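The values are calculated or read from the model by the stated rules, or taken from the named source; none is laboratory data. Predicted model only: the values in this text are computed from it and were never measured. Note: ideal-geometry Cβ built from the backbone for every residue, glycine included; neighbour counts use all protein chains shown. Remember, those area values only see protein heavy atoms, side chains included, never the ligands or the DNA or RNA. Shrake-Rupley method; radii C 1.70, N 1.55, O 1.52, S 1.80 Å.
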Amino acid sequence: MQRLIQVHLTVHGEIHGSGMRSLLQREATRVGAVGWARNIEGGGLEAVIQAGESTVASLVRWCERGPLSASVASVEVTDQAREAFFGFDVRH
């Protein structure tokens, strides 16, 4: 069984209007991750993802690519203490 971890992501680049928040929510839900995502000023995205180590790594790689309509410049990843989540939310 994989160790459950939680990370905080900051995605830098031109991603507003690409639907990345909703697409990340869909992908995270599909693979069984929980947490949240929201747009941040300047064109980036902030997210918290909690899942098994390999699932989190897969979602981080997904964020590094982003959807076709996004231009991801970089992704910062920081480990966090786990919180209680009951799904993956899009925050405004």
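General remarks:
Matching residues to (1) on the phi < 0 side of the Ramachandran plot; (2) touching a helix residue (DSSP H, G or I) at 6+ places or on another chain (Cβ under 7 Å); (3) in a helix (DSSP H, G or I):
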| residue | (1), (2), (3) |
| --- | --- |
| T10 | yes, no, no |
| G13 | no, no, no |
| S18 | yes, no, no |
| R26 | yes, no, yes |
| G35 | no, yes, no |
| G42 | no, no, no |
| A47 | yes, yes, no |
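- Filtered by the rule that a residue be free of Cβ contacts under 8 Å to residues at least 60 places away in the same chain and not polar (S, T, N, Q), segment 66-80 gives G66, P67, L68, A70.
- Within segment 35-59, the residues that satisfy the criterion of being open to solvent by 10 Å² or more (accessible area, probe 1.4 Å), at pLDDT 95 or above and either closer than 11 Å to V11 by Cα or touching a strand residue (DSSP E or B) at 6+ places or on another chain (Cβ under 7 Å) (or both) are W36, R38, E46, Q50, G52, E53.
- For segment 1-20, a tally of residues being open to solvent by 50 Å² or more (accessible area, probe 1.4 Å) and either among the polar types (S, T, N, Q) or more than 11 Å from Q50 (Cα to Cα) (or both) returns 6.
- Some residue of segment 77-91 being open to solvent by less than 30 Å² (accessible area, probe 1.4 Å) and at pLDDT 95 or above: yes
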